[in-house]
Amino acid sequence: MHYSRYFFWLSTGILAPLSFLYSPYLAIFFSLLFLIGLKDSIQKRHSILRNYPLIGHFRFLLEYIRPEIRQYFLEDDEEKIPFSRNQRAMVYSRSKKDNDKRGFGSIKSMYGPEGEWLGHSNSPCHPDPSQFRIQVGGPSCLQPYSLSVFNISAMSFGSLSPNAIRALNRGAKLGGFAHDTGEGSISSYHREFGGDIIWEIGSGYFGCRNDQGRFSEEKFSAQVVDPQIKMVEIKLSQGAKPGHGGVLPGAKVTAEIAATRGVPIGEDCVSPAHHAEFSSPVELMQFIARLRKLSGGKPIGFKLCVGQPWEFFGIAKAMLETGICPDFIVVDGSEGGTGAAPVEFTDHVGMPLRDGLRLVHNTLVGINKRSEISIGASGKIISGYDIIRAIALGADWCNSARGFMFALGCIQSRTCHTDKCPTGVATQDLIRQRALVVPDKAERVFAFHQNTVASLADLIGSAGLMYPSEITPDYLLSRDSSGKISSLASQLTTLSPGVLLPGSDASLRKDLPREYVEYWNRAQTSRFGLAPVSTP
């Protein structure tokens, strides 16, 4: 009985000579199966195959097709792994200009602990979605930019295929919204159709680096004068892998990628975990001022996934200390996911969007800088309601990465890191990327944006409002675990304007949330870190 697991394999050895009487080809087939089983039984890498020669391969086959089986046959329509079937279907419909309506009522649990809804008005309005734009640029900005309320989030050429970049940028051009380059810099594919660009600069300084990998003022100045570049975004961290660098192996550094990033062909392309141009909040502000001057006054900001709250408090203090402020801050949630990352970083590092967004908003209110600094939000935002929630929490505009990937045809196969994307979106394989036809997918990118902003306008109008900026937490209601209904406003931490400034009203400071009481005074501007507790 203990050896029954060898029965199938040994049977092929018996059938091989017997089947020769009927067909030599059948004999060859069984012989090959027997040899595969023999190899399995003596190899030392896979325990399953040593104990279950030949039939052990079925285990690996089932494991290989498990994601597809789950997605197509077992997954609930509302199960988010990471996006539900209904969410994906909505994007597909809107990008194809198909009917995105759904009949016979909602399938959501209205009385469950996650129940959340927008309070509508008995006097609805009809907003014009073409007016949903944000003016980005503080007092020191000489070239402010009118930004759409919904834009393409950071995804690099190299991670995405050339055709994907071309389709995204052409769609952005058609719809008048912005396309963030990701830290992989600006490729020829970004420039081909002339869509507005947000140039993201990461710790590798790709596109503006010298031979030692440090920031080059000359190369930055030569690129940033291009009128297609509307804003510059310094990447401190990203939601998919905050606090983690990356390496693009030399084998993948093609001539195109090398030219785009300014690195040698065929050599490992390293993105360090930290920047070399600054090591403290004050130095970050000085770097922002430096880029603003070199760019001729274009909006300069930074993106981060909030980690340790006191480090952002230190950045806020540095704004007050230096008198230098970014024009914008993009808050990326840890639920972001277009960057391949170690599982521990994906699941357990970084603050989720809603919490990080509220902390950044409150801190800027507390230092009286909220009106000068615009806030963007990114992290699983694909619908009009997602945008409303983010704005209610403190955002001025939203970015989406995976939403626009779905518009390109992504089927959530979750193979982005393997270079085997089945739809040609996240691959450098020349044959696979042919599947993505640029003119067709550009129209879908445009349509997804247009229909999502139109949905946002309908939702805002139903609440009796005319502009996204009028949304406040009071308009959203939710049900807690006990079944009690309350407005989002009653659940959120709120700071009074200027309450964090020196000399502010002591009566207001006594009600500060715990994180401000514990960490604000200990936050440092001379380094990213927490000052030790002073002892008497």
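The values are calculated or read from the model by the stated rules, or taken from the named source; none is laboratory data. Everything numeric here is computed off the predicted structure, so don't read it as measured data. Cβ coordinates were reconstructed from backbone atoms using ideal geometry, including for glycine residues, and neighbour counts include every protein chain displayed. For the accessible areas, the whole protein counts, side chains as well, though only heavy atoms, and no ligand, DNA or RNA atoms are used. Shrake-Rupley method; radii C 1.70, N 1.55, O 1.52, S 1.80 Å.
See the values below:
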{"quantity": "Cα extents of the range 66-202 along the three principal axes, largest first (Å)", "calculated": "50, 49, 29"}
{"quantity": "Kirkwood Rh and Cα Rg combined as Rg/Rh, the range 491-536", "calculated": "1.00"}
{"quantity": "Surface accessible to a 1.4 Å probe, per residue, for the residues of the chain, Å²", "calculated": "48 Å²"}
{"quantity": "Residue-level accessible surface for LYS369, protein heavy atoms, 1.4 Å, Å²", "calculated": "40 Å²"}
{"quantity": "Taking the range 29-70 and dividing mean pair separation by its residue count, relative contact order in percent (alpha carbons under 8 Å, at least six apart)", "calculated": "27 percent"}
{"quantity": "Rounded tilt (10° steps) of 85-96 against the dominant C-alpha axis of the chain", "calculated": "80 degrees"}
{"quantity": "With DNA, RNA and ligands ignored, accessible area of ASP429 (1.4 Å probe; Å², nearest 10)", "calculated": "50 Å²"}
{"quantity": "Cα long-axis angle, helix 281-294 against the chain (0 to 90 degrees, to the nearest 10)", "calculated": "90 degrees"}
{"quantity": "Unit Cα scatterers, Debye sum, the range 426-524: log10 I(q)/I(0) for q = 0.18 Å⁻¹", "calculated": "-0.97"}
{"quantity": "Mean Cα-pair separation over length for the range 386-461, i.e. relative contact order, pairs under 8 Å, 6 or more apart, %", "calculated": "24 percent"}
{"quantity": "Protection proxy ranking of 406-413, 217-224 - average other beta-carbon atoms within 10 Å, highest first", "calculated": "406-413, 217-224"}
{"quantity": "Unit Cα scatterers, Debye sum, the range 183-244: log10 I(q)/I(0) for q = 0.14, 0.16, 0.29 Å⁻¹", "calculated": "-0.42, -0.54, -1.28"}
{"quantity": "Tail beyond 22 Å, pair distance distribution of the range 207-341 (Cα, percent)", "calculated": "44 percent"}
{"quantity": "In degrees, nearest ten, helix 309-322 long axis to first principal axis of the chain (Cα)", "calculated": "40 degrees"}
{"quantity": "Surface/4 of the Cα convex hull for the range 271-378, nm²", "calculated": "7.1 nm²"}
{"quantity": "Order by protection proxy (mean Cβ within 10 Å, highest first), peptides 43-50, 322-329", "calculated": "322-329, 43-50"}
{"quantity": "Packing-based ranking, highest mean first, of 81-89, 450-458, 477-485, 194-202 given that Cβ atoms within 10 Å are counted", "calculated": "194-202, 450-458, 81-89, 477-485"}
{"quantity": "Relative contact order of the chain, defined on C-alpha pairs under 8 angstrom at six or more residues apart (%)", "calculated": "18 percent"}
{"quantity": "Where Rh is the Kirkwood radius over Cα pairs, Rg/Rh for the chain", "calculated": "1.05"}
{"quantity": "Accessible heavy-atom area order of ARG170, ARG354, highest first, probe of 1.4 Å", "calculated": "ARG354, ARG170"}
{"quantity": "Estimated Rh, the range 145-197: Kirkwood, alpha-carbon pairs, angstrom", "calculated": "10.7 Å"}
{"quantity": "Mean shadow area of the range 259-306 over all directions, Cα convex hull, nm²", "calculated": "4.9 nm²"}
